[in-house]
Each structure stands twice: as C-alpha cells, then as structure tokens.
1. Let me confirm something: among 24, 93, 76, which residue is touching a helix residue (DSSP H, G or I) at 6+ places or on another chain (Cβ under 9 Å), surrounded by fewer than 19 Cβ atoms within 10 Å (Cβ to Cβ) and within 29 Å of residue 147 (Cα to Cα)?
2. Are any residues in region 117-138 assigned to a helix (DSSP H, G or I) and either buried (at least 24 other Cβ atoms within 10 Å of the Cβ) or on the phi > 0 side of the Ramachandran plot (or both), and if so, which ones?
3. Can you find a residue in region 206-224 that is surrounded by 13 or more Cβ atoms within 10 Å (Cβ to Cβ), part of a helix (DSSP H, G or I) and at pLDDT 95 or above?
4. Of all residues in region 158-172, which are at pLDDT 95 or above, out of contact with any strand residue (DSSP E or B) (no Cβ under 6 Å at 6 or more places or on another chain) and either part of a loop (DSSP other than H, G, I, E, B) or buried (at least 17 other Cβ atoms within 10 Å of the Cβ) (or both)?
5. Which of (1) within 16 Å of the ligand (Cβ to nearest atom); (2) more than 18 Å from the chain's Cα centre (by Cα) does residue 89 not meet, given it meets every other one?
6. Just to be sure, is residue 78 within 16 Å of the ligand (Cβ to nearest atom) and either at pLDDT 95 or above or part of a loop (DSSP other than H, G, I, E, B) (or both)?
7. Working carefully through the options 39, 67, find the one that is in contact (Cβ under 8 Å) with a residue 24 or more places away in the chain, more than 16 Å from the ligand (Cβ to nearest atom) and within 17 Å of the chain's Cα centre (by Cα).
8. Give me the pairs, please: first residue somewhere in region 74-87 and touching a residue at least 60 places away in the same chain (Cβ under 8 Å), second residue anywhere and more than 7 Å from the ligand (Cβ to nearest atom) and in a loop (DSSP other than H, G, I, E, B), beta-carbon distance under 9 Å, and either six or more positions apart or on two chains.
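The values are calculated or read from the model by the stated rules, or taken from the named source; none is laboratory data. These figures come from a predicted structure and were not determined experimentally. Cβ sites come from the backbone with ideal geometry, for glycine too, and all protein chains shown count toward neighbours.
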Ligand SMILES: [Zn+2]
C-alpha cells in the first residue's frame, strides 16, 4: 500500500513491543517532530488504541520481528518448515551482524516475533503499514550511546544524547522500554524525511535504519557504508 501523504506535522508512533501483554510495551508519539506522548501499554488493544490516536497518516515503527524467515510457516522447532541451517534467522539479522550490530535470530525471539507478526497484521488490516526498526541499530548507526539502558546511569546518557534530536524529551526517569520507543518513533521520523535505508530482503522482511549521522553540527562523523544490502522499502517510498 501507499502511505497516506501527510504534511510534516503528521505523527510518528514508536512501539517497543514486549513479548507478552503482562510486560511493559513502551509507547512514544512524535507530533510535528516533538515528543507528544511517552507512556507504556500492555495489551494489543491498548497498542491499537494508541495507533488510532496517532491517526491514519501516522508512521508506526515497531521494535520486534514483523516477519518470519523465508519459507517458514511458523516458528516451531519441530515443524517440517524448519530446515537447518538457514531457517532460524532472516537476511535482516545476517545483514546487521555484518554491520557489527549484534542481534538475535528471529527463531530465538519466537514469542516476541509471534506477537510482532500478529500486531503488524492487525495494523495492516486497519490501514497502516508498520516499519520494523531496532533501536540499538539506530543508536549505533547515529553514533549515539547505545548500551547500559538497564541502569539508571545508562538511561540518562541515552536520554541526554536524544534530547537535541527529540524536542520535548524531558523524561530523565523514562524506562528502558520508553526510551526505546522514543528511538523507534525517531527512526520513523527519519524515514519520513528520507534519511533511512533498509536492510534485509524485500521478500522476507526489511528493517529501517538511519542512513547517516545527522550533520547538524560540524562534529558529525563521516557517513558509513558498512553494508551493501540496501534495497528500497517495498510498501512505499518515504514521502518527500
Ligand atoms: Zn512451520
């Protein structure tokens, strides 16, 4: 589908999805590039309500696998669709490893992947085409602090680094899932601005990652070309 074309004021919703409803899902909403909402959700119904609040023109970015490895009908270890090697991970995960951005194979994230796939289907059914993102990859590729989010000090470092990029972010007590949601929403904003590319395979599953550090100061490090697998994002080009 084509994304609805909207002005720069359209919103970007970031979702740091938990594998199960009883765990915290981080939710961040950018409106006009400003953080308009930072909170947490539990159930799929809650998450879909935040999508509705973001509006039909919102870009929605989710930190979770949204597709299965090619050829897999499921993620069960004992299903005949599993053939080793090669059916545990997706191309996107192999691309990330080449970019020195460690990640886990989809099959090792079964519970989260099942929920991500289900949520993506529900969102598509309601008219959105969600982007798969990975906050750790976004932070790494933008040369921002990416580690230590499990400690208060690490979260404050990430929060401090994000503040110049995300006006309205004044939440030093944000949870790690809320901070990840901010990075998801910010990645959606970069996508909207045409400042991203994709990794992975179009017929399997793509992830949106930043193309370059933001050259808003003269200290920005040079553009990196660390992987060659970029392909256009299939469901629609970023609006210009
Ligand atoms: Zn199967």
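1. Matching residue, one of 24, 93, 76: 24.
2. 135, 137, 138
3. Among the residues of region 206-224, not one is surrounded by 13 or more Cβ atoms within 10 Å (Cβ to Cβ), part of a helix (DSSP H, G or I) and at pLDDT 95 or above, which makes the answer no.
4. If the condition is that a residue be at pLDDT 95 or above, out of contact with any strand residue (DSSP E or B) (no Cβ under 6 Å at 6 or more places or on another chain) and either part of a loop (DSSP other than H, G, I, E, B) or buried (at least 17 other Cβ atoms within 10 Å of the Cβ) (or both), then 158, 159, 162, 163, 164, 165, 170 are the ones that fit.
5. Among (1) within 16 Å of the ligand (Cβ to nearest atom); (2) more than 18 Å from the chain's Cα centre (by Cα), residue 89 violates only (2).
6. Judged against the criteria, residue 78 is a match.
7. Only one candidate qualifies: 39.
8. none
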